[in-house]
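Engineer: The following block contains the structure, expressed as structure tokens.
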Amino acid sequence: MKTKPIVIVTAGDGPFANAKRALAQLDLAGVRGKRVLVKPNAGRLVGPARGINTHPEALAGVIESLREAGAGDIAIGESPILGVKTLEAFEKSGMAEVARRYGCALIDFDAVPPVEKAIPDARVVTSTKVCAPIYEYDVLLSLPVAKCHMHTGVTLGIKNMKGCLYRREKVRYHQLEYPPGAAWGERTLDSAISDLAMILLPDITVIDGSVGMEGLGPSGGERIESDFAVASFHPLGADVVGCAMMGLDAAEVAHLRLVAERRGWPIDTGAYDVRPADFRAHHADYRKPPTDISVAYPDVVLYDVESCSACLSTVMLFLKRFKDDMSQYLVDGKLHIAIGKGVRELDLPEGTICVGNCAKRSGTCFFVPGCPPVPTRIYEAITGEEPDKNEPDVS
Ligand code: SF4
């Protein structure tokens with residue numbers, strides 16, 4: 001009988017012990033003497049335990065397990081979102097301190113030219129720019145924080161590989177046009193992630209579920225203390241069980257379903273040897289991202305015609321941070337926002353905020369240039385002032 005891939009779940013002991021114990025329960029004989037590259041979520045300029053970046057103590061737990069297993073060099077690398085400098089993100093996230101504590105190198109993936117990789121049988125991305133340092137290590141370990149994601153359902157170990165894409169290449173994945181008639185479900189981005197998964201997957205995944213993010217992730221949701229970790233050599237198995245620990249069904253996550261179909265891997269937890277067998281006893285119920293912007297913001301009217309998810313992310317983040325300051329800009333009691341190239345043809349009310357170069361039109365709208373613009377640019381375009389809220393623009 002074919003053996004099931006092993007997936008380890010630990011819970012209840014905090015980010016360090018959960019991550020360390022989960023990884024230590026895998027057979028790590030294969031990492032002895034090997035150079036290991038750890039890819040956490042360190043893509044945003046925010047502090048620890050916000051549910052946005054990987055918890056630094058989960059990183060510490062992973063490093064200790066790898067060391068105890070006899071790993072050679074261990075390095076930590078990232079290519080953050082556009083506008084964030086890698087080493088600053090490592091400092092702010094607390095991961096630079098952990099790297100210093102254990103003598104591990106920090107790698108700015110964007111500091112050297114990328115490697116262009118062809119993707120055979122691609123659905124939407126036929127060739128892509130991958131950060132070159134990925135290929136200098138023997139073992140790639142994905143260390144995501146468990147988050148809901150407004151475009152991709154969740155972001156776990158497989159989606160975390162998008163942070164191995166060079167600089168603006170990440171944005172390109174969000175700017176692929178929606179297929180005609182596609183809903184807010186972001187099928188094109190899902191297909192792009194599954195394309196990447198055909199050429200780049202982690203050798204080991206450890207999911208940090210100590211403090212995750214529910215709702216409007218990857219950065220605009222609410223933190224949730226769920227206190228678990230998941231570890232596996234099987235990239236999909238880790239994510240399938242990660243979803244279960246978030247109270248979600250991986251089969252409803254489009255990019256995971258696509259990876260399962262294209263790789264011929266199972267997407268139900270029963271197909272994996274999950275240890276302990278009663279792992280669900282420790283799960284948390286993450287609130288799913290809303291499927292419609294009007295559910296989260298009933299007094300916002302969004303005109304979205306042929307936009308890409310980069311502009312939609314910007315709008316969601318803008319609303320989360322600044323909506324309460326917009327009362328004097330309401331039209332008939334509503335805030336009207338337009339994104340996407342198709343809105344040029346619409347008859348929009350006076351005072352509509354047209355976000356992104358695609359949405360530029362003559363008339364009486366507030367136009368916010370950029371591709372995509374950042375949330376503070378929207379605020380400045382509307383109010384003519386710089387915002388007081390001194391938060392970084394993350395999208
Ligand atoms: S302006 Fe926005 S919708 Fe248009 S291409 Fe740029 S990111 Fe996409």
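The values are calculated or read from the model by the stated rules, or taken from the named source; none is laboratory data. No experiment lies behind these values; they were computed from the predicted model shown. All Cβ positions, glycine included, derive from the backbone under ideal geometry; neighbour counts span all protein chains shown.
Engineer: Scan the stretch 1-36 for residues that are among the hydroxyl-bearing types (Ser, Thr, Tyr) and surrounded by fewer than 24 Cβ atoms within 10 Å (Cβ to Cβ) and jot them down. Lay out the reasoning, then the answer.
Structural biologist: Just the residues of the stretch 1-36 that are among the hydroxyl-bearing types (Ser, Thr, Tyr), to begin with: 3, 10.
Thr3, the sole residue that qualifies.
Engineer: Looking at the stretch 135-167 only, could you name the residues that are surrounded by fewer than 24 Cβ atoms within 10 Å (Cβ to Cβ), modelled with pLDDT of 95 or more and in a loop (DSSP other than H, G, I, E, B)?
Structural biologist: Tyr137, Asp138, Tyr166 - these are the residues of the stretch 135-167 that are surrounded by fewer than 24 Cβ atoms within 10 Å (Cβ to Cβ), modelled with pLDDT of 95 or more and in a loop (DSSP other than H, G, I, E, B).
Engineer: Count, please, the residues in the stretch 46-82 that happen to be in a loop (DSSP other than H, G, I, E, B) and either of a type in the set (Gly, Ala, Ser) or under 18 Å from Thr155 (Cα atoms) (or both). Give the derivation first.
Structural biologist: Going through the stretch 46-82, the residues in a loop (DSSP other than H, G, I, E, B) turn out to be 46-55, 69-70, 72-73, 79-82.
If we keep only those that are either of a type in the set (Gly, Ala, Ser) or under 18 Å from Thr155 (Cα atoms) (or both) too, we end up with 46-55, 69-70, 72, 79-82.
So the answer is 17.
Engineer: Return the residues of the stretch 345-367 that are within 21 Å of Gln328 (Cβ to Cβ) and within 9 Å of the ligand (Cβ to nearest atom); say none if nothing qualifies. Break it down stepwise before answering.
Structural biologist: Filtering the stretch 345-367 down to residues within 21 Å of Gln328 (Cβ to Cβ) leaves 348-355, 363-367.
Result: Val355, single match.
Engineer: Among Ile107, Ile81, Ile8, which is the only one that is closer than 21 Å to Val139 by Cα and in contact with a Lys or Arg (Cβ under 7 Å, 6 or more places away or on another chain)?
Structural biologist: Working: Ile107 fails: in contact with a Lys or Arg (Cβ under 7 Å, 6 or more places away or on another chain); Ile81 fails: closer than 21 Å to Val139 by Cα.
Exactly one of Ile107, Ile81, Ile8 is closer than 21 Å to Val139 by Cα and in contact with a Lys or Arg (Cβ under 7 Å, 6 or more places away or on another chain), namely Ile8.
Engineer: Let me ask another. Return only the number of the condition from (1) within 16 Å of the ligand (Cβ to nearest atom); (2) touching an Asp or Glu at 6+ places or on another chain (Cβ under 8 Å); (3) of a type in the set (D, E, K, R); (4) assigned to a helix (DSSP H, G or I) that Arg321 does not satisfy.
Structural biologist: For Arg321, the exception is condition (1).
Engineer: If only one of Val343, Val355, Val374 is surrounded by 15 or more Cβ atoms within 10 Å (Cβ to Cβ) and over 25 Å from the mean Cα position of the chain (by Cα), which one is it? If you could, list the steps in order and put the result at the bottom.
Structural biologist: Details: Val355 fails: over 25 Å from the mean Cα position of the chain (by Cα); Val374 fails: over 25 Å from the mean Cα position of the chain (by Cα).
Just a single option satisfies the conditions, and that option is Val343.
Engineer: Select, from Gly342, Gly370, the only residue that is within 10 Å of the ligand (Cβ to nearest atom), free of Cβ contacts under 8 Å to residues at least 60 places away in the same chain, assigned to a loop (DSSP other than H, G, I, E, B) and touching a strand residue (DSSP E or B) at 6+ places or on another chain (Cβ under 9 Å). Full working, then the answer.
Structural biologist: Numbers: Gly342 fails: assigned to a loop (DSSP other than H, G, I, E, B).
None of the others qualify; the one that does is Gly370.
Engineer: Also: Before we move on, is Arg280 more than 18 Å from His149 (Cβ to Cβ), surrounded by 15 or more Cβ atoms within 10 Å (Cβ to Cβ) and more than 16 Å from the ligand (Cβ to nearest atom)? Outline the logic, then answer.
Structural biologist: On the way: more than 18 Å from His149 (Cβ to Cβ): yes; surrounded by 15 or more Cβ atoms within 10 Å (Cβ to Cβ): no; more than 16 Å from the ligand (Cβ to nearest atom): yes.
Judged against the criteria, Arg280 is not a match.
Engineer: Name the residue, out of Leu335, Leu312, that is within 11 Å of the ligand (Cβ to nearest atom), of a type outside the set (D, E, K, R) and not assigned by TED's automatic domain parsing to the domain that holds Met245. Steps first, answer last, please.
Structural biologist: Working: Leu335 fails: within 11 Å of the ligand (Cβ to nearest atom).
After applying the criteria, what remains is Leu312.
Engineer: With the requirement that a residue be assigned to a helix (DSSP H, G or I), among the hydrophobic types (A, V, I, L, M, F, W, C) and exposed (fewer than 14 other Cβ atoms within 10 Å of the Cβ), what does the stretch 92-134 give you? I'd like the intermediate steps shown before the answer.
Structural biologist: First pass over the stretch 92-134, keeping only residues assigned to a helix (DSSP H, G or I): 92-93, 95-102, 109-111, 132-134.
Still in the running and among the hydrophobic types (A, V, I, L, M, F, W, C): 95-96, 98-99, 109, 111, 132, 134.
Matches in the stretch 92-134: Ala111 only.
Engineer: Read through the list (1) in a helix (DSSP H, G or I); (2) farther than 23 Å from Val171 by Cβ; (3) of a type in the set (A, V, I, L, M, F, W, C), then give the number of the only condition that Ala192 fails.
Structural biologist: Here Ala192 clears every test but (2).
Engineer: Of everything in the stretch 318-339, what is among the small types (Gly, Ala, Ser) and touching a residue at least 24 places away in the same chain (Cβ under 8 Å)? Give them in sequence order. Outline the logic, then answer.
Structural biologist: So the first thing to find is which residues in the stretch 318-339 are among the small types (Gly, Ala, Ser), and the list is 327, 333, 338.
Residues satisfying the conditions are Gly333, Ala338.
Engineer: Here is a further query. Output yes when any residue across the stretch 313-324 is out of contact with any Pro (no Cβ under 8 Å at 6 or more places or on another chain), surrounded by fewer than 22 Cβ atoms within 10 Å (Cβ to Cβ) and at pLDDT 85 or above, and no when none is.
Structural biologist: Scanning the stretch 313-324 turns up at least one residue that is out of contact with any Pro (no Cβ under 8 Å at 6 or more places or on another chain), surrounded by fewer than 22 Cβ atoms within 10 Å (Cβ to Cβ) and at pLDDT 85 or above.
Engineer: Among the residues of the stretch 27-45, count how many are assigned to a loop (DSSP other than H, G, I, E, B) and under 21 Å from Ile6 (Cα atoms).
Structural biologist: 1
Engineer: Next up: Checking Ile382 against (1) crowded, with 19+ Cβ neighbours inside 10 Å; (2) within 14 Å of the ligand (Cβ to nearest atom), which test does it fail?
Structural biologist: Status for Ile382: all satisfied but (2).
Engineer: Further, regarding this structure: What are the pairs with Cβ atoms under 9 angstrom where one residue, in the stretch 162-175, is without any contact (Cβ under 8 Å) to a residue 40 or more places away in the chain and the other, located anywhere, is of a type in the set (Phe, Trp, Tyr) and more than 11 Å from the ligand (Cβ to nearest atom)? Sequence gap at least six, or different chains.
Structural biologist: Between residues of the stretch 162-175 that are without any contact (Cβ under 8 Å) to a residue 40 or more places away in the chain and residues that are of a type in the set (Phe, Trp, Tyr) and more than 11 Å from the ligand (Cβ to nearest atom), the close pairs are Lys162/Tyr173.
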